[in-house]
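To start, the structure under review is shown below, and the notes come after it.
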Amino acid sequence: MKLGDPSLDQLRIFLAVVEEGSFGGAARRMGRAVSAISYGIAQLEAQLAVTLFEREGSRKPTLSPAGAGLLPQVRAVADNVDVLLAKTRSLHAGLESELGLVIDVMLPGEVTAHVLRAFRDRFPTVALKLRVEGLGAVAQCLLDEEGHLAIGGPVIADDPTLERQAIGSIELLPVAAPTHPLAAPDIEPGESRKHLQLVLSDRSTRTQGLEFSVLSPLVWRLGDLGAKHSLLKEGLGWGNMPRHMVEADLADGSLIAIDLPENPGARYALSALWRRDTRPGPATSWLIDAFREELERDGA
C-alpha cells in the first residue's frame, strides 16, 4: 500500500476537529467553511489510508482507534513546526538562535540557577550552552570562540579583543579547619608562609607565571573549587574561599575565618565579557542585566 504525504494544513485541521469536538467548531476556529474542514479530513484519511473519525450514529465526530493512535504523532509534528517557526521569527527579529555562556566557578550557584531559570522561560527558542570554568579559562573560551558571553573574575588581564562590563563582586575569606595552626588567635606576620596553601589553578595558560593572593611557597594547586573546599575541611591547608560557599561551615564550626596580618581576603570583582568583534543580541544583553540584578539582590 502506497501512502501519500499529508500536508501540515491537513494535520492542523485534524487537531482542530479533535480539540474543538466538531467540524463546525474547527471551521470557526480556523476561519473556514465546514465543507473545507470536511474536505481536509477526507484528504488526510485518503493520504494515510485510515479512517480517523467514527461518524456513524453520532453528530459529534469520535476518534477511531487509528485516529487515537496517530494523534500523539500529529501533535508532535505540529509542535515541532511551531518551534521551527518561532525560532525563525526570532532570527528575523535579531534574537540569537544559540548562546554559549561561560560562568566563573566563583559565581554563587543560586545566582546562576535563578538567572538561567528565568532565561529559559523568557527565551525558550534560544539554545543555551553552559560551561563552568575558573580564572583565565573563562576568557579563553571566548577567545577560542567556544562561548559568546562570559561572567568572569578580575584575574584576567585586560585583553584588547574583549569588552568588559562590571556586574558585581563576591567576598573571599581566608579559611582553615579549627584544628589548623593558623586558626589560633594573634597570628604573627609571615606565619602563613610556613603552612600549605590551597590555591585554585588555571586550566588555561592565560595567567601562567602570575600569582593571586598566594602567600606561601608551600602550595597545592587544584583545578576544582569543590576539591579545595573538601581539603580545607580536612585541615590539609588554608586558603581563600567565596563566603557563600563556606557560610554553613562557618556556622557549624567546621571551618574558621582566619585572621592573618597580610589580610589576603578581598572582593572578587565579576564582569560580563564578550568578544569585541561581536555585538550582544537581545538574549545576551538580558543575561548581563539579569546577572547584575541578581548579584545586587543576593548581596554576594
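The values are calculated or read from the model by the stated rules, or taken from the named source; none is laboratory data. Note that the structure is predicted; figures quoted are calculated from it, not measured. Heads up, the Cβs are rebuilt from the backbone with ideal geometry, glycines too, and the neighbour counts pull from every protein chain shown.
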Of the residues in region 96-124, those that are among the β-branched types (Val, Ile, Thr) and not in a helix (DSSP H, G or I) come to Val102, Ile103, Val105
Selection from region 243-276 of residues polar (S, T, N, Q) and touching a helix residue (DSSP H, G or I) at 6+ places or on another chain (Cβ under 6 Å) yields Ser254
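Conditions (1) surrounded by 14 or more Cβ atoms within 10 Å (Cβ to Cβ); (2) hydrophobic (A, V, I, L, M, F, W, C); (3) over 30 Å from Asp159 (Cα atoms), marked per residue:
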site	(1), (2), (3)
Ile103	yes, yes, no
Met106	yes, yes, no
Val115	yes, yes, no
Val126	yes, yes, no
Lys129	no, no, no
Cys141	yes, yes, no
His148	yes, no, no
All conditions in (1) under 25 Å from the mean Cα position of the chain (by Cα); (2) surrounded by 14 or more Cβ atoms within 10 Å (Cβ to Cβ) are true of Ala257 except (1)
Any hit, region 56-66, residues being modelled with pLDDT of 90 or more and either within 30 Å of Ala227 (Cα to Cα) or surrounded by 16 or more Cβ atoms within 10 Å (Cβ to Cβ) (or both): yes
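Results for (1) of a type outside the set (A, V, I, L, M, F, W, C); (2) within 15 Å of Leu71 (Cα to Cα); (3) surrounded by 12 or more Cβ atoms within 10 Å (Cβ to Cβ), shown as yes or no for each residue.
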{"site": "Gly24", "(1), (2), (3)": "yes, no, yes"}
{"site": "Val34", "(1), (2), (3)": "no, no, yes"}
{"site": "Ser38", "(1), (2), (3)": "yes, no, yes"}
{"site": "Leu44", "(1), (2), (3)": "no, yes, yes"}
When region 229-244 is checked residue by residue, the ones that are surrounded by 21 or more Cβ atoms within 10 Å (Cβ to Cβ) and among the hydrophobic types (A, V, I, L, M, F, W, C) are Leu232, Trp238, Met241
Exactly one of Leu142, Leu173 is more than 20 Å from His229 (Cα to Cα) and touching a residue at least 40 places away in the same chain (Cβ under 8 Å), and that one is Leu142
Only unsatisfied item for Glu171, checking (1) more than 26 Å from the chain's Cα centre (by Cα); (2) modelled with pLDDT of 85 or more; (3) closer than 17 Å to Asn263 by Cβ, is (1)
Restricting attention to region 277-295, the residues that are touching a Phe, Trp or Tyr at 6+ places or on another chain (Cβ under 9 Å) and either assigned to a helix (DSSP H, G or I) or surrounded by fewer than 15 Cβ atoms within 10 Å (Cβ to Cβ) (or both) number exactly 7
Across region 1-22, the tally of residues that are small (Gly, Ala, Ser) and either buried (at least 19 other Cβ atoms within 10 Å of the Cβ) or in a helix (DSSP H, G or I) (or both) stands at 1
With the first residue restricted to region 81-103 and required to be at pLDDT 80 or above, and the second required to be basic (Lys, Arg) and assigned to a strand (DSSP E or B), Cβ contacts under 6 Å at 6 or more apart or on different chains are Gly100/Lys129; Val102/Arg131
Restricting attention to region 165-207, the residues that are in a strand (DSSP E or B) and under 17 Å from Arg243 (Cα atoms) number exactly 12
